[in-house]
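Below is one structure, written out as structure tokens; the observations come after it.
The values are calculated or read from the model by the stated rules, or taken from the named source; none is laboratory data. Note that the structure is a prediction, hence the values are computed from the model and not measured. Quick reminder, even Gly has a Cβ in these numbers, built from the backbone with ideal geometry, and neighbours come from all protein chains shown.
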There are 2 protein chains.
Amino acid sequence: MFELLFQYFEQKSGLTLSTTEKELIESTFKLKRLRKKQYFQQEGDICKHMCFIVRGAARMYSVDDKGHEHIIRFGMEGWWLGDYESYMLQTPTRFHVEMLENSDLLIVPKEHMERLIETVPAIAATIKVIDKQSAIATQQRIHAAISLSAEERYDSLVKTYPAFLQRFPQTMIASYLGITPETLSRLRNKKTPH
Amino acid sequence: MFELLFQYFEQKSGLTLSTTEKELIESTFKLKRLRKKQYFQQEGDICKHMCFIVRGAARMYSVDDKGHEHIIRFGMEGWWLGDYESYMLQTPTRFHVEMLENSDLLIVPKEHMERLIETVPAIAATIKVIDKQSAIATQQRIHAAISLSAEERYDSLVKTYPAFLQRFPQTMIASYLGITPETLSRLRNKKTPH
DNA sequence: CCACTTGCTTAACATTTATCAACGCTATTT
DNA sequence: AAATAGCGTTGATAAATGTTAAGCAAGTGG
């Protein structure tokens, strides 16, 4: 169950985990199973855990005044789940996080995570790396959002995250792109007539 | 000249800089003056320096196939300048960085910066904090971009960065919001008739 | 096995936003 | 002072995208 998490820390950090460190991690993270359609967090919650996806998938989304949903990001194996802002600042989140498949999660309370970061160098290094990577990835998404048309954003998604198309319904892909399902359906139709 | 930079490190990190550390910083950063309309970087460049703005302002933008410009972000006193992705990955940038006012910058080559990060705890802590803050800020902008209309994005900008409106022409505000200057002009007109 | 939900598509129509063109005002340059 | 460029505005029109409604196929849960 923990193998993916160990691999993840070692690969991101470029460091090796000792047996002791692995035992420490195993005793600190707790397994949590959530079934499809269950919620990991809801609007207004304060995100008190780091959460690593071992198996399964999820979406994080907001709901606006008109009742429309907007998917900020997806999660799947080897990704972290939950609102980073709420976790870091301990403020109520604006987002819901709903499982899209039956999932196995490894979760750890914030205080324990902070102790782990101090204790295990590979984890500290991993956090640094993912903060940087996330800053880069989000900048790219902003660039796409303000400078590309709906069609170009879709093309870019196909290239960047082809797995999304296999795994998530088109309605949700549309929401992730910031367009309606109807518009996405028409775009795709235009590309492959018939 | 260095006072703003020292304050910045101390405030972001919550730590204090010793006299030795300050001297080290002074001897590592170099002053660079750029006049309005000069470029700090151009598309295709690899960003080899960290750059702190002491005085002045700038914009980072891309140019698409149709020749339209899209402003990814602004910079002003107490902000860092340059494409973070290009700096971190040492890849050619897609963005131009142009000064919007005569500016005083403090720059330091990447390798020197990395040595500073290892040597000065307050700088290491600052980098951690700004990576986190930038991840949070960019997530908020993504949320705005995919879930808000042009008018709502403008309202949100007015609240979040009122200084932008004082300092940058409307054409650029529009580009930052991902809309045309004409659309922005009409939005504003609708709000304050006459 | 049936009722129900979910996902995707299509059509007609409405709204938002972009495009193109023109004008006036300021500031800057010559 | 004249010429120029930058900035904001406005109008007419076009393009992109959203809205509402309907239908069908496939999957799901009782």
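General remarks:
- Of all residue pairs spaced 6 or more apart or on separate chains, those with beta-carbon atoms under 7 Å, a first member in segment A:138-162 that is over 22 Å from B:LYS66 (Cα atoms) and a second member that is assigned to a helix (DSSP H, G or I) are A:THR138/B:ALA135; A:THR138/B:THR138; A:THR138/B:GLN139; A:THR138/B:ILE142; A:VAL158/A:LEU165.
- B:SER149 out of contact with any helix residue (DSSP H, G or I) (no Cβ under 6 Å at 6 or more places or on another chain), within 12 Å of DNA strand C (Cβ to nearest atom) and modelled with pLDDT under 95: yes
- Within segment B:106-136, being among the small types (Gly, Ala, Ser) and more than 9 Å from chain A (Cβ to nearest Cβ) holds for B:ALA122, B:ALA124, B:ALA125.
- The residue list B:LEU157, B:LEU165, B:LEU184 contains one member that is within 12 Å of DNA strand C (Cβ to nearest atom), more than 10 Å from chain A (Cβ to nearest Cβ) and assigned to a helix (DSSP H, G or I), which is B:LEU184.
- When the criteria are applied in full, B:LEU105 meets the requirement of being touching a Lys or Arg at 6+ places or on another chain (Cβ under 6 Å) and more than 11 Å from DNA strand D (Cβ to nearest atom).
- Within segment B:68-81, the set of residues being within 12 Å of chain A (Cβ to nearest Cβ) and outside any strand (DSSP E or B) comprises B:HIS68 only.
- Taking (1) within 15 Å of DNA strand C (Cβ to nearest atom); (2) within 12 Å of chain B (Cβ to nearest Cβ); (3) modelled with pLDDT under 95 in turn, A:THR192 satisfies each apart from (2).
- When A:GLU111 is tested against (1) in a helix (DSSP H, G or I); (2) closer than 23 Å to A:SER62 by Cα, just one condition goes unmet, and that condition is (2).
- Residue check: A:ASP64 meets all listed conditions (1) without any contact (Cβ under 8 Å) to a residue 12 or more places away in the chain; (2) of a type outside the set (A, V, I, L, M, F, W, C); (3) over 23 Å from A:THR171 (Cα atoms) but one, namely (3).
- Entry remark, segment A:153-194: residues being over 23 Å from the mean Cα position of the chain (by Cα) and either within 25 Å of B:ILE173 (Cα to Cα) or of a type in the set (A, V, I, L, M, F, W, C) (or both) number 1 in total.
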